[in-house]
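Below is one structure, written out as structure tokens, with a few remarks after it.
The values are calculated or read from the model by the stated rules, or taken from the named source; none is laboratory data. Worth saying up front: this structure is predicted, and the values here are computed from it rather than measured. Here Cβ is always computed from backbone atoms with ideal geometry, including for glycine, and neighbour counts include all displayed protein chains.
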Amino acid sequence: MYRELSRSGVSEDIARELHNLGDTYKAVGQYSNADEYYKQALAMYRKLSQSGISKDVADTLVYVGIIKHSMKQYDQAIKRHREALSVCNKLSGDEASQGAAGALHHVAYNYKAIGQYSDVEEYYKQALVLYRELSQNGVSESVACVLSSLGNHYNAVVQYSDSEEYHIQALIMYRELSQSGVSEDIARTLQNLAVDYQYMGQYSDAEDYYKQSLAVRKQLSQSCVSEGFAEILNNMGTCYQAMEQYRDAEDYYKQALATSRILSQSGNSEDIADTLCNLGMNYQGEEQYSDAEDYYQACD
């Protein structure tokens with residue numbers, strides 16, 4: 001319809017339609033098709049802009065970058081997000097700054113995927129500065145998200161005290177932003193802090209934060225069946241195992257295993273295998289070698 005109405009075959013309506021088609025394919029996981037339509041939209045937005053510089057161009061570059069990440073083409077993703085950043089830096093206003101901050105965040109995320117950790121830190125911190133400038137009193141979902149991402153980054157590079165610091169800042173902000181004090185972001189950040197403390201050998205603190213995270217998840221879900229539940233139950237098992245509280249560890253591992261089996265249609269998944277292996281190690285720690293052998297064989 002829009003192409004028929006446009007003599008040149010180039011219009012904002014056609015570009016928007018192409019972008020929407022990209023969104024549709026992205027939503028159903030057809031990334032190659034999404035990539036194709038986003039690129040067509042990008043080419044048209046560039047034609048519609050005299051200089052090739054516009055908010056639509058920047059936004060579409062970000063979507064191309066997101067698709068490239070989904071396709072595990074991380075270098076291409078970084079290239080597109082840096083192009084989006086360059087466009088945003090040539091525009092003015094809060095929307096341009098918001099776009100630049102988003103592009104910086106995406107660049108950091110992709111550097112993390114390829115293990116270039118020094119670049120990860122640099123781009124997250126640049127994004128954090130911009131998001132704080134854009135937010136009221138430095139408080140926003142975006143600021144909290146980058147604080148959490150920085151915490152995860154420092155955990156990955158074994159700087160646990162830095163990870164703890166950023167996760168605590170994120171937790172305080174998520175609680176400030178939540179009217180009820182209950183949200184998925186709060187549950188996840190509590191769990192991240194528990195992992196920090198566990199890696200630092202502060203097991204009682206880890207246990208406390210795992211239990212807080214689990215309590216929040218129970219408030220969020222009536223069924224208590226989700227990947228988040230399975231993950232935290234498994235993590236609690238590893239914490240108790242590290243403290244040589246094998247019976248408690250066994251209890252949480254078995255809850256995690258039951259949850260993962262409910263979630264798995266085939267009854268086989270990486271999460272199930274990991275938990276079976278953890279149960280094997282737990283029984284080995286208790287010197288119950290026959291049970292340990294059974295679980296080790298089950299996870300093969």
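Can you tell me which condition residue 79 does not meet? The list is (1) without any contact (Cβ under 8 Å) to a residue 24 or more places away in the chain; (2) not in a helix (DSSP H, G or I), and all the others hold.
Only one criterion is unmet by residue 79, namely (2).
Residue by residue through segment 285-300, note down the ones that are in a helix (DSSP H, G or I) and without any contact (Cβ under 8 Å) to a residue 40 or more places away in the chain. Please lay out each step first, then the result.
Our first condition is that a residue be in a helix (DSSP H, G or I); within segment 285-300, this holds for 285, 289-299.
Correct list: 289, 290, 291, 292, 293, 294, 295, 296, 297, 298, 299.
Which ones in segment 144-194 are buried (at least 18 other Cβ atoms within 10 Å of the Cβ) and out of contact with any helix residue (DSSP H, G or I) (no Cβ under 7 Å at 6 or more places or on another chain)?
Matches in segment 144-194: 145, 188.
So how many residues does segment 170-184 have that are in contact with a Gly (Cβ under 8 Å, 6 or more places away or on another chain) and modelled with pLDDT of 95 or more?
2
If residue 50 satisfies all but one of (1) over 19 Å from the mean Cα position of the chain (by Cα); (2) buried (at least 16 other Cβ atoms within 10 Å of the Cβ), what's the number of the condition it fails?
Only one criterion in (1) over 19 Å from the mean Cα position of the chain (by Cα); (2) buried (at least 16 other Cβ atoms within 10 Å of the Cβ) is unmet by residue 50, namely (2).
Which helices (runs of 4 or more DSSP H) sit wholly inside segment 176-283 and have at least 3 residues that are over 29 Å from residue 166 (Cα atoms) and under 22 Å from the mean Cα position of the chain (by Cα)?
Details: elements: 184-199, 203-220, 227-242, 246-263.
Result: 246-263.
Can you say whether residue 99 is in a helix (DSSP H, G or I), closer than 20 Å to residue 213 by Cβ and touching a residue at least 40 places away in the same chain (Cβ under 8 Å), as far as the supplied structure shows? Let's see the steps before the verdict.
Working: in a helix (DSSP H, G or I): yes; closer than 20 Å to residue 213 by Cβ: no; touching a residue at least 40 places away in the same chain (Cβ under 8 Å): yes.
No; evaluated as a whole, the condition is false for this residue.
Return only the number of the condition from (1) assigned to a helix (DSSP H, G or I); (2) free of Cβ contacts under 8 Å to residues at least 12 places away in the same chain; (3) farther than 17 Å from residue 113 by Cβ that residue 60 does not satisfy.
Failing condition for residue 60: (2).
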